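Just below is one structure, and these are the notes that go with it.
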Amino acid sequence: MAPTGGNRFVCIHGHFYQPPRENPWLETIEVQDSAAPYHDWNERVTAECYAPNTAARVLDADGYITALRNNYSRMSFNFGPTLLSWMEHARPDVYAEIRRADQESCRRLGRGNALAQVYGHCIMPLADQRDQATQVRWGIADFAHRFGRHPDGMWLPETAVDRQTLEVLARNGIRFTILAPGQAARVRYDGRDWEEVGQAGIDCSRAYRCNLAPGVDVTLFFYDAEIAHGVAFAGLLNDGRNLARRLTDASAARHADSLVHIATDGESYGHHHRFGDMALAAAIESIDGAGAVQLTNYAAYLDHVPVRDEVEIRENTSWSCAHGVERWRADCGCNSGGHPGWQQAWRAPLRQSLDWLKTHLDEIFERVGARVLHDPWAARDAYATALLQRDETHRAEFLERHAIGRTHSRERSRIWKLLEMQRYGLLSFTSCGWFFDECSGIETVQILTYAARALQLAAEFGANLEPEFVHRLQAMRSNLPQYHDGRHVYRQLVRPQLADGSRMAAHHAITSLFTAPTPLTRVYAYRVTAVDSTTEHAGSAVFAVGHARLVGDATEQSEDFVYAALHLGGHDIHCAVAPSTPKIDYPQLKSELLATFFGEPLTELVRRMDRAFGGTFYTLRDVFVAERRRILDQVMAQAMADCTAEYERMVTNNRRLLDFLAQAGVPLPEELRIAATFVVQRRLEAATERLVSAADGAAATLAAWSDATRWRITPSTDGVRRLLDEAVTVAVSRIGADDTASGAPAPALARAHALLDVADALALRLDMWGAQGRYYVLISGDGGRRWPTAVIAELRRLGERLRFRLREWQDLAAHAA
């Protein structure tokens, strides 16, 4: 790394993390209404933070965009492995930009900006050494899979640390980690005597060696807490230039080869602070422009500046608990501050209950695993590779290395169940479960859900641990009367999520009443083969009967079920499921049930279903959330159509009266106002949908808006704004593909202008984030394409409407076709 910037260095680190939110039976995140209008919190925080930082806007003094910058390419960062696993599939565009940023920093600095993270975000000092090693090794394996290299550094969850944790890092090839300055106990500068770190604190601009055992050490960086606090809590992101000034001023006051660095939650840059991504981009531009210091990352700094100083840490400390690590095992007084009077005494019994469970899970794993695995704990350490690549080839290679002898389907399934039991046992210690104020919060419920999955898998090996586990949760006292204690939290919020093959089959059966099943389909983390299926209608009733085979992705367990499902109308559904066994003559059962459906009262069909299947039945409540809501939308469609028709009739028949009342300045009667608002909203959204799909709804959109303005009603424009925003993005992305050789403006270019015209007429301020990104790539990365002069003029006009002011426009004009 070339020593530019006066041998003074600055590093900005962001810890980007969301707790794992997946339903462990479905292996997907179910809808989280608290994240609305987004599907879930991962999606929301990605839209507000992770995505914007891949293309942060750099503004001029007038607020126009002069460039887009991938902040990750200029900052140090780590992402939680479980978050990246979600992002890889849910937002592959953002995922690709994060990886590209690391590659770019490798080329520029010789070392990548990305750090690894402990896999499950557990509090490492509260884990035993074996679990610490697995968490670190899984984190390394995940990082290497995604970034194509061994990590130099690793982020510790909540920076919680003890010497054993650091030794595990060092023995697994990790060079450094980052801590808070208060976690340093003693320091020795440049070989001098040891001294206690007192009120003055440690010099955060140096790197320190922490000796752990003969020949074993790790480098520690202690971030500048004052500046980091300013970023996270004190408004330094209100203006990125102020952040740049604080960093460069701090560097100027330090010695040569100093490193001024900060570490905060990465969500500060956009989620916690709106436009924080832009402030960060402005800070980076300002630092680069001034040239007084060089932006770097930790590994590149270590390549340039030798570590001369030594440090000893304060054991069992963290950056987010003034009492060490007590926040994750006691009512220490640390909380969000949002609920005065609430207690967190539930934290201790939660920790104790999970520790008890983990002890029993480990005993089962070691005892049963020894029969099928050469070394169960080595297999667990290596299991990350099978999690990352679940294809048959990689799973077979894993079994070839770790399984004893040749494995048949039953033995394979037992091995996967043992390893999945361990995975969910580890995930149940995710730190967020203790961090907040109430044991019925979504974070605590999430880790209890992981524990429930581990309990279910343990039962497969003859260990019925759930009753004792739930009994132990009684000591968890809730702050909310409806939950009382941990037993009620578990029974009300966790147990309803439990799923097994029967529930998966029931879900498949009920959804087949509304969508015809295909021969091979998926029910979340299960592959479903329709061995046989029949769906019949009689009046408003629908009846489905079938035989399905379910195979779990994670465990490879294969189960056959027969089912019958009856839709009586509305939301009334009755479903029965049973394992397919030789005792059940499926062809005969199917024939009898179909004959009953067509020839007997439906009540008789229900009775025969219950007798044939053993009396256990399922309803719409047992369908998983997304499909349940889709079914309810279908069920409510007719009712909504009737309501819509009635409202339309009211508005159409009273249109002249509505106009007269508006002209006379008379407020609309409440009944007419409700009807008119509903109708205008519906017409506005319907017309906009036609506009974005077929380009013929502009007049109708404007007409609906005219009615709203004239009648002084205020429809919600959120849906219209979203539709127009997406349509402008699509139009801009197609400009480069249009044939503009004739010199005529590209059709997509004209369409983008037309859509923006509608938005202007409706006085809607579009987000335009997607359109701006596509436009910037089009203009700045077009590989020297020569555009006709007329097209360049329209491109520039579009750019101005998208709030750009670019130097690249001059280059386009200079190379016009």
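For the stretch 48-104, which positions are β-branched (Val, Ile, Thr), over 23 Å from the mean Cα position of the chain (by Cα) and either open to solvent by 50 Å² or more (accessible area, probe 1.4 Å) or more than 18 Å from Ile284 (Cα to Cα) (or both)?
Just the residues of the stretch 48-104 that are β-branched (Val, Ile, Thr), to begin with: 54, 58, 65-66, 82, 94, 98.
Pick out the ones that are also over 23 Å from the mean Cα position of the chain (by Cα) and you get 58, 65-66.
Passing the criteria: none in range.
Taking Arg785 as meeting all but one of (1) at pLDDT below 95; (2) among the charged types (D, E, K, R); (3) closer than 26 Å to Glu97 by Cα; (4) surrounded by 16 or more Cβ atoms within 10 Å (Cβ to Cβ), write down the number of the exception.
(4)
Do we have Arg130 as in contact (Cβ under 8 Å) with a residue 12 or more places away in the chain and open to solvent by 20 Å² or more (accessible area, probe 1.4 Å) here? Break it down stepwise before answering.
Numbers: in contact (Cβ under 8 Å) with a residue 12 or more places away in the chain: yes; open to solvent by 20 Å² or more (accessible area, probe 1.4 Å): yes.
Judged against the criteria, Arg130 is a match.
Can you pull out the residues in the stretch 353-385 that are closer than 30 Å to Glu88 by Cβ, among the hydrophobic types (A, V, I, L, M, F, W, C) and surrounded by fewer than 20 Cβ atoms within 10 Å (Cβ to Cβ)?
Trp377, Ala378, Ala382 - these are the residues of the stretch 353-385 that are closer than 30 Å to Glu88 by Cβ, among the hydrophobic types (A, V, I, L, M, F, W, C) and surrounded by fewer than 20 Cβ atoms within 10 Å (Cβ to Cβ).
Restricting attention to the stretch 283-314, which residues are surrounded by 16 or more Cβ atoms within 10 Å (Cβ to Cβ), over 27 Å from Ser73 (Cα atoms) and touching a Gly at 6+ places or on another chain (Cβ under 9 Å)?
Scanning the stretch 283-314 gives Asp309, Glu310, Arg314.
Looking at the stretch 593-681, what helices (runs of 4 or more DSSP H) fall wholly within it and have at least 3 residues that are within 39 Å of the chain's Cα centre (by Cα) and either loosely packed, with under 14 Cβ neighbours inside 10 Å or without any contact (Cβ under 8 Å) to a residue 40 or more places away in the chain (or both)?
Counting at least 3 such residues, we get 625-653.
What helices (runs of 4 or more DSSP H) completely inside the stretch 438-549 contain at least 2 residues that are among the charged types (D, E, K, R) and within 25 Å of the chain's Cα centre (by Cα)?
Ranges flagged: 442-459.
Can you tell me which residue within the stretch 359-378, out of those that are under 16 Å from Arg406 (Cα atoms) and assigned to a helix (DSSP H, G or I), is nearest to the chain's Cα centre (by Cα)?
Restricting to residues being under 16 Å from Arg406 (Cα atoms) and assigned to a helix (DSSP H, G or I), the top hit is Gly369.
Check whether at least one residue in the stretch 690-700 is more than 18 Å from Ala771 (Cβ to Cβ), out of contact with any Phe, Trp or Tyr (no Cβ under 7 Å at 6 or more places or on another chain), open to solvent by less than 30 Å² (accessible area, probe 1.4 Å) and of a type outside the set (A, V, I, L, M, F, W, C), and report yes or no.
yes
Need pairs with beta-carbon distance below 8 Å; first residue free of Cβ contacts under 8 Å to residues at least 12 places away in the same chain and within the stretch 262-279, second assigned to a strand (DSSP E or B); sequence gap 6+ or separate chains.
Listed pairs, sorted by first residue: none to list.
Restricting the stretch 792-817 to residues that are of a type in the set (Lys, Arg) and part of a helix (DSSP H, G or I), which is nearest to the chain's Cα centre (by Cα)? Give the steps one after another, and end with the answer.
Taking the stretch 792-817 first, the residues of a type in the set (Lys, Arg) are 796-797, 801, 803, 805, 807.
Next, from what is left, pick out any that are part of a helix (DSSP H, G or I): 796-797, 801.
Working: Arg796: 37, Arg797: 37, Arg801: 32 Å.
So, considering only residues that are of a type in the set (Lys, Arg) and part of a helix (DSSP H, G or I), the one nearest to the chain's Cα centre (by Cα) is Arg801.
Being closer than 30 Å to Ala700 by Cβ, at pLDDT 95 or above and open to solvent by less than 10 Å² (accessible area, probe 1.4 Å) narrows it down to one of Leu798, Leu749, so name that one.
Details: Leu749 fails: at pLDDT 95 or above.
None of the others qualify; the one that does is Leu798.
All but one of (1) more than 30 Å from Arg414 (Cβ to Cβ); (2) touching a Gly at 6+ places or on another chain (Cβ under 6 Å); (3) open to solvent by less than 50 Å² (accessible area, probe 1.4 Å) hold for Ser540; which doesn't?
The number of the failed condition is (3).
Go through the residues of the stretch 217-224 one by one and say whether even a single one is open to solvent by 10 Å² or more (accessible area, probe 1.4 Å), under 20 Å from Leu302 (Cβ atoms) and not hydroxyl-bearing (Ser, Thr, Tyr).
Yes: one or more hits.
When you check Ala180 against the structure, is it among the aliphatic types (A, V, I, L, M), surrounded by 24 or more Cβ atoms within 10 Å (Cβ to Cβ), in contact (Cβ under 8 Å) with a residue 12 or more places away in the chain and touching a Phe, Trp or Tyr at 6+ places or on another chain (Cβ under 9 Å), yes or no?
Working: among the aliphatic types (A, V, I, L, M): yes; surrounded by 24 or more Cβ atoms within 10 Å (Cβ to Cβ): no; in contact (Cβ under 8 Å) with a residue 12 or more places away in the chain: yes; touching a Phe, Trp or Tyr at 6+ places or on another chain (Cβ under 9 Å): yes.
It is false that Ala180 is among the aliphatic types (A, V, I, L, M), surrounded by 24 or more Cβ atoms within 10 Å (Cβ to Cβ), in contact (Cβ under 8 Å) with a residue 12 or more places away in the chain and touching a Phe, Trp or Tyr at 6+ places or on another chain (Cβ under 9 Å).
Which condition number does His339 fail, the rest of (1) under 27 Å from the mean Cα position of the chain (by Cα); (2) surrounded by 15 or more Cβ atoms within 10 Å (Cβ to Cβ) being met?
Going through (1) under 27 Å from the mean Cα position of the chain (by Cα); (2) surrounded by 15 or more Cβ atoms within 10 Å (Cβ to Cβ) one by one, His339 breaks only (2).
Of the residues Arg495, Arg549, Arg527, which is among the basic types (Lys, Arg) and touching a residue at least 40 places away in the same chain (Cβ under 8 Å)? Outline the logic, then answer.
Values: Arg549 fails: touching a residue at least 40 places away in the same chain (Cβ under 8 Å); Arg527 fails: touching a residue at least 40 places away in the same chain (Cβ under 8 Å).
The conditions single out Arg495.
Which residue out of Thr677, Thr644, Thr581, Thr652 is closer than 30 Å to Val531 by Cα and polar (S, T, N, Q)?
Numbers: Thr677 fails: closer than 30 Å to Val531 by Cα; Thr644 fails: closer than 30 Å to Val531 by Cα; Thr652 fails: closer than 30 Å to Val531 by Cα.
Going through Thr677, Thr644, Thr581, Thr652 in turn, the sole match is Thr581.
The values are calculated or read from the model by the stated rules, or taken from the named source; none is laboratory data. Since we're looking at a predicted model, the values are computed, not measured. Backbone-built Cβ (ideal geometry, glycine too); neighbour counts: all protein chains shown. The area values use the complete protein model at the heavy-atom level, side chains included, leaving out ligands, DNA and RNA. Shrake-Rupley method; radii C 1.70, N 1.55, O 1.52, S 1.80 Å.
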